[in-house]
Amino acid sequence: MRLKIIGTGSYLPEKIATNDHMAQLVETNDEWISTRTGIKQRHLVSSPEENTTYMAIQAAKKALADSGLQAEDIDVILVATVSSDYVTPSTACMVQKELGASHAVSFDINAACAGFLFGLNTVDAYFRCGVYQTALIIGVETLSKIVDWSDRSTCVLFGDGAGAVIAKADESGMIACLQGSDGTHAEVLSCKARSNNNPYISTDKNLDYVFMNGQEVFKFAVRKVPECLNLLLEQANLTLEDVDYYLLHQANYRILTSIAKKLHLPMDKFPSNVDRCGNTSAASIPILLDELNHKGVLKEGSILFLSGFGAGLTWGAALLKW
Ligand code: COA
């Protein structure tokens, strides 16, 4: 049995911050942001209640309704996030409680922008082993709470939001998938958690924010995604032409165009919402999937290539039949 997606849902905060809004906060402008990243606006949370947990729950409820399953039918809930509201319990446990998914085992995955792909890989492995038959996989981020709003090189890039899918064990669906990581480049993209703090060690009171070496991440993504694609196509005995859509992590439109160029593929094979949502990290692929699903772009039998890449460094990819 393999992973088959049978429902999608997403949540984007109502509050929209345009590039002109960014220009009121830091020394930047619409022209710089648009040409370097393709981003025109991002959604940002705008109340204490609208947090990571809330967004995850909203996306999950929509995905559940779309799938026709009930919360009690779900065997496993995985939430990919680096911006939980609690150190513990996990966001997945909070979602479980709110949905009343009383039979599910629930835990979070920390793999940054590759997190949703790590979720798909993990669930597919569970399904192949026959451990579970149904899953809720969520990518959710409130990166706006961990970016430095005075650092123009990072704050303009990210947005908040959540995307979710319901998957069931089926004869078809996942064709091939992979995941990977390389901790030797951990410093390229990072954000420190709390420092040591006990009676014997002095505390660093300064909270850390996202740090990124943008050019290194750019090069990594443009090299790694085609590498993953070729491995999966070979494994599945498929070619580039067999793939209907390439749904990549929505970090930056220039990354998408560079990858398309490298593969000699037209941009209409690379749907994108980065102009409207910015980089929503683990949430970007499930938000895009939900958008395309509800627009009717994805047809039964469509072959999709999904790929996420980000801090860790981490990467994940999947070839799947819709
Ligand atoms: N507005 C105006 N100028 C800005 C700016 C902003 N928001 N951010 C940075 N700059 C300036 C820099 O200060 C620098 O100025 P200087 O030459 O006077 O020092 C100049 O623009 C060039 O900076 P640089 O970092 O070299 O730009 P870049 O061409 O590499 O573009 C990114 C920066 C972040 C857009 C680009 O590296 C990128 O897209 N990287 C991938 C990042 C990503 O997607 N990460 C998430 C992956 S999960």
Failed item in (1) more than 18 Å from GLY278 (Cα to Cα); (2) basic (Lys, Arg); (3) at pLDDT 95 or above; (4) surrounded by fewer than 20 Cβ atoms within 10 Å (Cβ to Cβ), with LYS205 passing the rest: (3)
Within segment 280-322, tally of residues that are within 15 Å of the ligand (Cβ to nearest atom) and either more than 19 Å from CYS228 (Cβ to Cβ) or among the β-branched types (Val, Ile, Thr) (or both): 5
Among the residues listed as ALA23, ALA17, ALA65, the single one being part of a helix (DSSP H, G or I) and within 22 Å of ASN279 (Cβ to Cβ): ALA23
Segment 213-249: number of residues that are open to solvent by 40 Å² or more (accessible area, probe 1.4 Å), within 16 Å of the ligand (Cβ to nearest atom), in contact (Cβ under 8 Å) with a residue 12 or more places away in the chain and of a type outside the set (D, E, K, R): 2
Selected residue (only one of LEU265, LEU289, LEU247 is of a type in the set (A, V, I, L, M, F, W, C), in contact with a Leu (Cβ under 7 Å, 6 or more places away or on another chain) and in a helix (DSSP H, G or I)): LEU289
Those residues of segment 250-262 which are part of a loop (DSSP other than H, G, I, E, B) and open to solvent by 10 Å² or more (accessible area, probe 1.4 Å), in sequence order: ALA251, ASN252
Boolean, ALA283 is of a type in the set (A, V, I, L, M), buried (at least 23 other Cβ atoms within 10 Å of the Cβ) and more than 21 Å from THR37 (Cα to Cα): no
Close pairs from segment 153-177: first within 16 Å of GLN58 (Cβ to Cβ), partner within 15 Å of the ligand (Cβ to nearest atom) and charged (D, E, K, R), Cβ under 8 Å, at least 6 apart: GLY159/ARG42; ASP160/ARG42; ASP160/GLU141; GLY161/GLU141; ALA162/GLU141
Any chance SER84 is farther than 28 Å from THR257 by Cβ and open to solvent by 70 Å² or more (accessible area, probe 1.4 Å): no
Residue match in segment 156-169 (condition: open to solvent by 60 Å² or more (accessible area, probe 1.4 Å) and within 16 Å of the ligand (Cβ to nearest atom)): no
Residue match in segment 136-148 (condition: without any contact (Cβ under 8 Å) to a residue 60 or more places away in the chain and either touching an Asp or Glu at 6+ places or on another chain (Cβ under 7 Å) or open to solvent by less than 10 Å² (accessible area, probe 1.4 Å) (or both)): no
In segment 26-79, the residues that are in contact with a Lys or Arg (Cβ under 6 Å, 6 or more places away or on another chain) and surrounded by 22 or more Cβ atoms within 10 Å (Cβ to Cβ): LEU44
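The values are calculated or read from the model by the stated rules, or taken from the named source; none is laboratory data. Because the structure is predicted, anything quoted here is derived from the model rather than measured. Neighbour counts run over all protein chains shown; Cβ positions are idealised from the backbone, glycine included. Quick note on the areas: whole protein, heavy atoms, side chains included, nothing else; ligands and nucleic acids left out. Shrake-Rupley method; radii C 1.70, N 1.55, O 1.52, S 1.80 Å.
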